[in-house]
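Undergrad: Pasting a structure below so you can have a look.
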Amino acid sequence: DGGITQSPKYLFRKEGQNVTLSCEQNLNHDAMYWYRQDPGQGLRLIYYSQIVNDFQKGDIAEGYSVSREKKESFPLTVTSAQKNPTAFYLCASSRADYNSPLHFGNGTRLTVT
Amino acid sequence: KQEVTQIPAALSVPEGENLVLNCSFTDSAIYNLQWFRQDPGKGLTSLLLIQSSQREQTSGRLNASLDKSSGRSTLYIAASQPGDSATYLCAAISGSARQLTFGSGTQLTVLP
């Protein structure tokens, strides 16, 4: 079955440590996205990539970094510069045309103490 | 900047009832509007996508409509079932960067 795999499901880190969230897709989608979801709020875009080796900042990119070395993979690093990193992180992908729906992974819940 | 609003934030209905979820957006120059379902602790599942040139889309018991001029979309769920209990989010693609802007969702509970 094609889909998006995010790992791990739960992640715990101490304040001041960088942490990398994994996102892999086998849907052959060109575009990939990272969103952050906080309780009672909608999803906010962190970074997105339309093609390999290229990515763009979203609305809340500060304190995060990404890479897109392969079409299938779009890892997100939460750095120590992110002031409030505890959240639910969702990865998504879609075809390049903007009238194709987004497909989401099951998310990673990051807790930083 | 696009803003998407969903009211109410929560809704509880008895099983079998037909219901309507509302979504409004501030910038009518959208490319499409999407409806998603999210179960607790899970990712989002795409339900319906309405292109800007369309007025509605249907899938099973779900029907979504789009009125760009008034900045509104509705998701109609017929004959609701307890399994429909989830959070429903709408999102609009707009702007030169064609970014997806999400509403904060409506948490639906269907009581058996």
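Undergrad: With respect to the numbered conditions (1) within 10 Å of chain A (Cβ to nearest Cβ); (2) under 10 Å from the mean Cα position of the chain (by Cα); (3) closer than 16 Å to B:S24 by Cα; (4) not acidic (D, E), which one is the sole condition not fulfilled by B:T101?
TA: Among (1) within 10 Å of chain A (Cβ to nearest Cβ); (2) under 10 Å from the mean Cα position of the chain (by Cα); (3) closer than 16 Å to B:S24 by Cα; (4) not acidic (D, E), B:T101 violates only (2).
Undergrad: Right, here's the next one. For the range A:32-74, give me each residue that is under 18 Å from A:L110 (Cβ atoms) and β-branched (V, I, T).
TA: Listed by number, the residues that qualify are A:I46, A:I60, A:V66.
Undergrad: Mind checking whether some residue in the range B:2-13 is in a strand (DSSP E or B), under 15 Å from B:G103 (Cα atoms), within 11 Å of another protein chain (Cβ to nearest Cβ) and not aliphatic (A, V, I, L, M)?
TA: Yes, the range B:2-13 contains a residue that is in a strand (DSSP E or B), under 15 Å from B:G103 (Cα atoms), within 11 Å of another protein chain (Cβ to nearest Cβ) and not aliphatic (A, V, I, L, M).
Undergrad: State all residues of the range B:74-109 that are assigned to a strand (DSSP E or B) and over 21 Å from A:G40 (Cβ atoms); if no residue qualifies, say none.
TA: Residues satisfying the conditions are B:T74, B:Y76, B:I77, B:I93, B:S94, B:Q99.
Undergrad: Is it true that some residue in the range B:15-25 is on the phi > 0 side of the Ramachandran plot, more than 14 Å from the chain's Cα centre (by Cα), at pLDDT below 95 and of a type outside the set (D, E)?
TA: No: zero hits.
Undergrad: Step by step: first the residues of the range B:56-69, then only those that are without any contact (Cβ under 8 Å) to a residue 40 or more places away in the chain and assigned to a loop (DSSP other than H, G, I, E, B), then the one that is nearest to the other protein chains (Cβ to nearest Cβ). Which residue is that?
TA: Checked the range B:56-69; the qualifying residue nearest to the other protein chains (Cβ to nearest Cβ) is B:G60.
Undergrad: Suppose we filter the range A:73-84 for residues that are touching a residue at least 40 places away in the same chain (Cβ under 8 Å) and not in a strand (DSSP E or B); how many remain? Before you say what the answer is, go through the steps one by one.
TA: Kept after step one, since they are touching a residue at least 40 places away in the same chain (Cβ under 8 Å), are these residues of the range A:73-84: A:73-80.
Those left that are additionally not in a strand (DSSP E or B): A:74-75, A:79-80.
The total comes to 4.
Undergrad: Something else now. Mind listing whichever residues of the range A:86-99 are in a loop (DSSP other than H, G, I, E, B), free of Cβ contacts under 8 Å to residues at least 60 places away in the same chain and either within 8 Å of chain B (Cβ to nearest Cβ) or not polar (S, T, N, Q) (or both)?
TA: A:D97, A:Y98, A:N99
Undergrad: Search the range A:32-72 for residues being among the acidic types (D, E) and assigned to a loop (DSSP other than H, G, I, E, B), and hand back the single one that is nearest to the other protein chains (Cβ to nearest Cβ).
TA: Applying the filter and picking the extreme gives A:D59.
Undergrad: Of all residues in the range B:35-55 being of a type in the set (S, T, Y) and assigned to a strand (DSSP E or B), which is farthest from the other protein chains (Cβ to nearest Cβ)?
TA: Ranking the candidates gives B:T45 first.
Undergrad: Can you tell me which residue among B:Y31, B:Y76 is hydroxyl-bearing (S, T, Y), more than 11 Å from every other protein chain (Cβ to nearest Cβ) and over 30 Å from A:R109 (Cβ atoms)? Full working, then the answer.
TA: Working: B:Y31 fails: more than 11 Å from every other protein chain (Cβ to nearest Cβ).
Unique residue meeting the criteria: B:Y76.
Undergrad: Here's something else I'd like to know. Could we say that A:A61 is more than 21 Å from B:Y88 (Cβ to Cβ), surrounded by fewer than 14 Cβ atoms within 10 Å (Cβ to Cβ), touching a strand residue (DSSP E or B) at 6+ places or on another chain (Cβ under 9 Å) and not aromatic (F, W, Y) here?
TA: It is false that A:A61 is more than 21 Å from B:Y88 (Cβ to Cβ), surrounded by fewer than 14 Cβ atoms within 10 Å (Cβ to Cβ), touching a strand residue (DSSP E or B) at 6+ places or on another chain (Cβ under 9 Å) and not aromatic (F, W, Y).
Undergrad: Looking at the range A:100-113, which of its residues are surrounded by 20 or more Cβ atoms within 10 Å (Cβ to Cβ), touching a Gly at 6+ places or on another chain (Cβ under 7 Å), on the phi < 0 side of the Ramachandran plot and not in a strand (DSSP E or B)?
TA: Of everything in the range A:100-113, just one residue is surrounded by 20 or more Cβ atoms within 10 Å (Cβ to Cβ), touching a Gly at 6+ places or on another chain (Cβ under 7 Å), on the phi < 0 side of the Ramachandran plot and not in a strand (DSSP E or B), namely A:G105.
The values are calculated or read from the model by the stated rules, or taken from the named source; none is laboratory data. Everything quoted here is computed from the prediction, not taken from an experiment. Reconstructed Cβ throughout: ideal geometry from the backbone, glycine too, with neighbour counts over all protein chains shown.
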